[in-house]
Amino acid sequence: MTRLGWLDALRGLAALAVALHHAGYVFFPNVHLWLKDRFDFGTFGVLVFFLVSGYIVPASLERRGSVRGFWIGRFFRIYPLLAVAGLLAVTPFLLGVRGLRAGLEQYDPVTAVVAHVTMLQDVLGVPNAINVLWTLSYEMVFYLLIVALFVTGGHRRSAGVAAGLAAAALLAGGLLPTALLSRSAGTGPVAAAVALGLPAALAAAMSGRRALRIAGGVLGGTVAALLVVLNGRVGPWEGLAMLAVMFTGTAVYRAEHGQIRRRTAAAAAAAVCLGTLAAGVVHTGPDSGRDQLLWSGAVVLAALTFAAAWLLRDRTFPRWATGLGTVSYSLYLLHPILLAIAVQFLGFGGRDDLPGLLLFLAVLLAVSWASQRWIEAPAQRLGRRLTRRVAPRTTSGDRPEPRPDCAPRPSSPSAA
């Protein structure tokens, strides 16, 4: 059992919560109808995912100390399965069987493809080809921000960044409308500008020259932050709140490994929890009691779940729980496709159906296991080999940085 068993268990729990939330529409519509005004398991699962990503992803960047190695690792961790899932999602449309989700066919195909390739489609005004892909856009934003902090030497300030984002969500998150850039300049031009500028920023951030590295990192982080504030599908307050949650996970990691004081991390976590709760109350409006309840419940339970798992981090977690975490990315990304097949081609849905739900879960777990074994794992091994070859361990400067003895080794960092 690895020391990261608690993170695997959290990933598995989060992925299963999201899958069951969406499966409820199909297999238990009456239960889902009753639950939808009381608690949002989908948002809960996503926030747990974001806390886990915040905890482990910056550590993987700093442990190797190479921006190039980080991006290579992220690419081979995310894109192979993402490409397969995206192709599966659009295949019925290409065959003329079904329309694309959420009116995606109304957008220029080149714009839609380019937006999804950048993984920023949710902050580029383009509907997601698969409903859960929106979270990957915020993962990508987070990656760009942590790289910007890393190359400028500000990566140890996670607690302050988390608290600042929560404050911004509360104080400024309701001042701007959603998708401002796309509605002003057009979705196509905004997506094209990002698609042209982002590769240049990434290339510069991976440069061997310090000045270029800083310029590229700052440019990428600035573009990411502007898209969240000025062009997100959700309100700016919610985008900022989700980023604050991610950086809270990072602050917990730093406190655990002696990089910041524990009381500093605790204060930041409290500020984020209170700030995001208050932002949800203020910016959903006085007549949106249901939305306030759903957001508040998800935030509180996600925080308590992560805190409980962290307190139990030295315990041995059941093999099934950690195994579920190993296949969590496949489970998360593929379950909407299987649900679409169940509804559109197999006739499921419309009534409470426990046998149907159990069958769906069994197929989902089997497909996720196969996907992890034959798509994810080989791609990650290839990424590690390539990283060792082209990205030796260095710091944001040019000197090797010893890994603290207490720093955990990576298992399978969450991409969602």
Over the range 251-284, the set of residues surrounded by 22 or more Cβ atoms within 10 Å (Cβ to Cβ) and either among the aliphatic types (A, V, I, L, M) or over 28 Å from LEU61 (Cβ atoms) (or both) is ALA251, VAL252, ALA265, ALA268, ALA269, VAL272, ALA279, GLY280
Selection from the range 29-77 of residues that are among the aromatic types (Phe, Trp, Tyr), in a helix (DSSP H, G or I) and either touching a His at 6+ places or on another chain (Cβ under 9 Å) or touching a residue at least 40 places away in the same chain (Cβ under 8 Å) (or both): PHE41, PHE44, PHE49, PHE50, TYR55, PHE70, TRP71, PHE75, PHE76
Going by the structure shown, is ALA172 crowded, with 20+ Cβ neighbours inside 10 Å and in contact (Cβ under 8 Å) with a residue 12 or more places away in the chain? no
Can VAL117 be described as surrounded by fewer than 20 Cβ atoms within 10 Å (Cβ to Cβ) and free of Cβ contacts under 8 Å to residues at least 60 places away in the same chain? no
Hydrophobic (A, V, I, L, M, F, W, C) and modelled with pLDDT of 90 or more: is that true of LEU346 in this structure? no
Would you mind stating whether ALA9 is at pLDDT 90 or above and either over 17 Å from the mean Cα position of the chain (by Cα) or of a type outside the set (Lys, Arg) (or both)? yes
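When you check ALA179 against the structure, is it under 22 Å from the mean Cα position of the chain (by Cα), of a type outside the set (S, T, N, Q) and buried (at least 23 other Cβ atoms within 10 Å of the Cβ), yes or no?
Criteria not met by ALA179.
Report yes if some residue within the range 285-306 is in a loop (DSSP other than H, G, I, E, B), of a type in the set (Ser, Thr, Tyr) and surrounded by fewer than 22 Cβ atoms within 10 Å (Cβ to Cβ); otherwise report no. Before the answer, list the steps.
Narrowing the range 285-306 to residues in a loop (DSSP other than H, G, I, E, B): 285-288.
Of the ones still in play, those that are also of a type in the set (Ser, Thr, Tyr) are 288.
Adding the requirement that they be surrounded by fewer than 22 Cβ atoms within 10 Å (Cβ to Cβ) leaves 288.
Scanning the range 285-306, I find at least one residue that is in a loop (DSSP other than H, G, I, E, B), of a type in the set (Ser, Thr, Tyr) and surrounded by fewer than 22 Cβ atoms within 10 Å (Cβ to Cβ), so the answer is yes.
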Suppose we filter GLN372, GLN380 for residues that are out of contact with any Leu (no Cβ under 9 Å at 6 or more places or on another chain), at pLDDT 90 or above, within 24 Å of GLY5 (Cα to Cα) and not aliphatic (A, V, I, L, M); which single one remains? GLN380
Which listed residue is surrounded by fewer than 18 Cβ atoms within 10 Å (Cβ to Cβ), of a type in the set (A, V, I, L, M, F, W, C), at pLDDT below 95 and over 30 Å from ARG263 (Cβ atoms), from LEU104, LEU87: LEU87
What's the total number of residues in the range 279-313 that are within 19 Å of LEU4 (Cβ to Cβ) and among the aromatic types (Phe, Trp, Tyr)? 2
Determine which member of the set LEU198, LEU227, LEU212 is farther than 30 Å from GLY280 by Cβ and touching a residue at least 60 places away in the same chain (Cβ under 8 Å). LEU198
Which numbered condition TYR332 misses (of (1) hydroxyl-bearing (Ser, Thr, Tyr); (2) under 25 Å from VAL90 (Cβ atoms); (3) not in a helix (DSSP H, G or I)): (3)
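The values are calculated or read from the model by the stated rules, or taken from the named source; none is laboratory data. On a predicted model such as this, the values are computed, not experimentally measured, just so you know. Please note: Cβ atoms are built from the backbone with ideal geometry, for glycine as well, and neighbour counts cover all protein chains shown.
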